[in-house]
Amino acid sequence: MSTTRAKKKIVQPRKIEKSPTGISGLDEITEGGLPKGRPTLICGGAGCGKTLLSIEYIVRGILLYNEPGVIMVFEEKAEELAANVASLGFDLATLQQEKKVKIDYVHIDRSEIEETGEYDLDGLFIRLGYAIDSIGAKRVMLDTIENLFAGLQNEAIIRAELRRLLTWLKSKGVTAVITAEKGDGVLTRHGLEEYVSDCVILLDNRVSNQIATRLLRIVKYRGSLHGTNEYPFLIDEDGISVLPVTSLKLERNVSSERISTGIPSLDKMLGGKGFFRGSSILISGTAGTGKTSIAVHFANEAAKRKERCLYFAFEESPQQIIRNMRSININLNTHVESGLLQFHASRPTLNGLEMHLVAIHKKVKEFKPRVVVIDPITNLVSIGSVSEVKSMLIRLLDFLQQEQITVILTALTNSASYTEQTDEGVSSLVDAWMMVRDIEDNGERNRGMYIMKSRGMSHSNQVREFTISDAGLDLVDVFLGENGVLIGSARETQQLEEQKSLAVHSNAISRKDREIKRKETILHAKIASLREEFESLQEELNKTFVEDELRKDIIEKNRLQMTEKRHGIDNQKKKKQPTKL
Amino acid sequence: MSKTNDKPERPGHEEPDHLKLRLFVTGASPNSVRAISNIKNICERHAQHKYSLEIIDIYQNAAIAEEEQLVALPLLIKKSPLPERRLIGDMSDNEKVLRGLGLI
């Protein structure tokens, strides 16, 4: 705020200061915390966590921001309160000794009090003022101030005094959280929201199908942006966490690294490289189409790459999956033993959706996997409504993608209708969606698979038949028959048919080849005989030539012999002749 | 602490029905002033010489507010005779005060 003043000040009004709660998730939703120096109303039914939320605000204020706080309780005894808080790991007694927190327990019992005329609540003011001043408190918690209405009769006085109390708290400059019981059709039973107008947070503990879900909603927050949805929250040994921490932003790193699915032919459909790392992949399909098998292939491949993989099984036990996968030549046991693959199996009905979410969160944080498989998400619907499951999955995917974890979800679709929409409505959230389905034709069922979408990569648009055999999964090449794509035994028949014709064809070809061979032999023979002929002719010609030569030689010889026989002049001549020549 | 002991007529003389009262007020606020004068009137009229009244201004001692569980003021506590009773307000409702103090 103070960085660039002059100009900015004119353009935008001063943002209100906030007092961070330190509660994971809540600060994100409120964009920084509760309005500083103003009262905040926290309302909700019994047992929905109002007191805990306010105590966490105080205690975390002390521990994280070094802001002392006053706790004024109208309900529980101070000791009970300390015991309750201790279960969350907060030691109120020590904080009290360190003068970081001051707890004041206000006891009012109508039966002990007789009202005899005009009065005011100065006692409360003085006590609170004294408590605030004694430790220099910045935060105040009033739980549940509505009990005043039960303890005192004159409502007009209480209302006037409450109004005065809140103004007085503002003037004190403390940030106050005030809890109030939810009323019928109204936010609070006694209409406290009328007085606390700066920030109102509504908590709810909704039970549907015997499973409870805690929800938090910011009803109003004057002068500030805030998340307006209902956010599920949890109370566990670490206190309150509103989930998710990241849901308000769509900012995350993306990887362009591609990872194999473990099924080479499927990789080929995805441009030959597989899916992006950190993407979310949904495999949906009807029963028995091999969704789990595909997911297991993926997990197996991850383990082979020496990446850790976490498998959440909501339907089968790990042993069952391991046994079943052995039948398609995948031995998961080795990966489990080497610690690369971890199963986490639970019945969906074990606990509420939010607890599942937390369980997944925790496991992921502990194990730090690169690949997470959730098989199947469909079963979660049995414990929550579709929209709840969707909201849970949104947050889950968000979280996993933030951590750059590739996630495979399987979903069972209703076989009655081949809807191109999953029951959970998550299809729009995922990066890639594969659909496996039965193709029933010609008295048999076959498995067909296609890629409905795969963001950011070219992918095949074909419906591919895929087979599950002893050797594993494989996609069969597209087989076009006369009447379109053929699958199953029709494909096999066609394949055999084609093999047959191929054999016939090749036979025909070889016959022709032989013919040619023969022709060639004949030709060669002819050439040979011609050559023979030519040679004999040549020889003939040569023969006469040689004979001529010979004859000539012989004649010459004879002539010489004849002259030698004559002697004399001839002999001299003969001697002279060569010199002449 | 400023104790304004309103001089009981016979200090030390403890009769079984001796009223021991303690009134918490906040300075000189209208309610406080009214409460003091009202309770004095009532006591003088109905329990003359049989009561002691201690008036405590909690502005002078804020710590006592927590000790005594003070919320609504003015507050009159009847310490004895037992049972202890707490009356709040400016003591303008005569009948309620008398009943609270066990005087009628």
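Read-outs throughout are calculated quantities, based only on the coordinates presented, and are distinct from any laboratory measurement. These figures come from a predicted structure and were not determined experimentally. Here Cβ is always computed from backbone atoms with ideal geometry, including for glycine, and neighbour counts include all displayed protein chains.
Here are the numbers for this structure:
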{"read-out": "Euclidean distance of C-alpha centroids, region A:258-291 and region A:112-135, integer Å", "value": "68"}
{"read-out": "Cut-off under 5 Å, modelled amide H: who pairs with A:Leu34 long-range", "value": "A:Ser19, A:Thr21"}
{"read-out": "Fraction of beta bridges assigned by DSSP in region A:260-478 that are antiparallel (%, nearest 5)", "value": "40"}
{"read-out": "Kirkwood Rh, Cα atoms: Rg over Rh of the protein assembly as shown", "value": "1.49"}
{"read-out": "For region A:260-478, alpha-carbon Rg and Dmax in angstrom", "value": "16.2, 50"}
{"read-out": "Förster radius 56 Å - calculated FRET efficiency between A:Asn461 and A:Asp548 (Cβ-Cβ, nearest 0.05)", "value": "0.05"}
{"read-out": "Mean-position separation - Cα centroids, region A:343-395 and region A:136-163, in angstrom", "value": "42"}
{"read-out": "Charge dipole magnitude, Cβ of K and R +1, D and E -1 - region A:63-212, Cα centre, debye nearest 20", "value": "640"}
{"read-out": "Euclidean distance of C-alpha centroids, region A:23-101 and region A:493-532, integer Å", "value": "95"}
{"read-out": "Within-14-Å neighbourhood charge of A:Ile522 [Cβ basis; K, R +1; D, E -1]", "value": "+3"}
{"read-out": "Linear extension gain, A:Lys453 paired with A:Ser510, 0.36 nm per residue minus alpha-carbon span", "value": "15.7 nm"}
{"read-out": "Cβ-placed point charges (K, R +1; D, E -1), dipole of the protein assembly as shown about Cα centre in debye, nearest 20", "value": "4120"}
{"read-out": "Residue (of A:Val371, A:Thr94, A:Tyr311) at the positive-pole extreme of the protein assembly as shown, dipole from beta-carbon charges", "value": "A:Val371"}
{"read-out": "Label-point gap, in nm, between B:Ala63 and A:Lys517 - each point 7 angstrom along Cα→Cβ", "value": "12.1"}
{"read-out": "Charge dipole (region A:492-569, unit charges on Cβ, about Cα centre) - positive-most of A:His524, A:Thr493, A:Gln561", "value": "A:Gln561"}
{"read-out": "Sites A:Ala156 and A:Glu230 - FRET efficiency at Förster radius 22 Å, r taken between beta-carbons, to 0.05", "value": "0.05"}
{"read-out": "Listed pairs A:Lys15/A:Lys77; A:Lys50/A:Lys100; A:Lys77/A:Lys138; A:Lys36/A:Lys99; A:Lys15/A:Lys170; A:Lys36/A:Lys102 exceeding 29 Å between Cα atoms", "value": "A:Lys15/A:Lys77"}
{"read-out": "Antiparallel bridge percentage (DSSP; both residues within chain A; nearest 5)", "value": "45"}
{"read-out": "Length gained when the stretch A:Glu497-A:Ser387 is fully extended (0.36 nm per residue, less Cα-Cα span)", "value": "34.4 nm"}
{"read-out": "A:Gln320-A:Lys170 pseudo-label distance in nm [points 7 Å out on the Cα-to-Cβ vector]", "value": "6.0"}
{"read-out": "Residue-wise HN-Hα coupling along region A:280-289, computed from phi with Karplus coefficients 6.51, -1.76, 1.60 (Hz; x: Gly, Pro)", "value": "10, 10, 10, 10, 10, x, 7, 4, x, 9"}
{"read-out": "Region A:492-569 shape via C-alpha gyration tensor axes, a/c threshold 1.5", "value": "prolate"}
{"read-out": "Cα-projected label distance for A:Asn351 with B:Ile104, points at 7 Å along beta-carbon direction, nm", "value": "6.2"}
{"read-out": "Under 5 Å, built H, 5+ apart or other chain: amide partners of A:Tyr231", "value": "A:Leu216, A:Arg217"}
{"read-out": "Signed unit charges on C-beta, dipole axis of region A:260-478, positive-most listed residue A:Val336, A:Ser346, A:Pro264", "value": "A:Val336"}
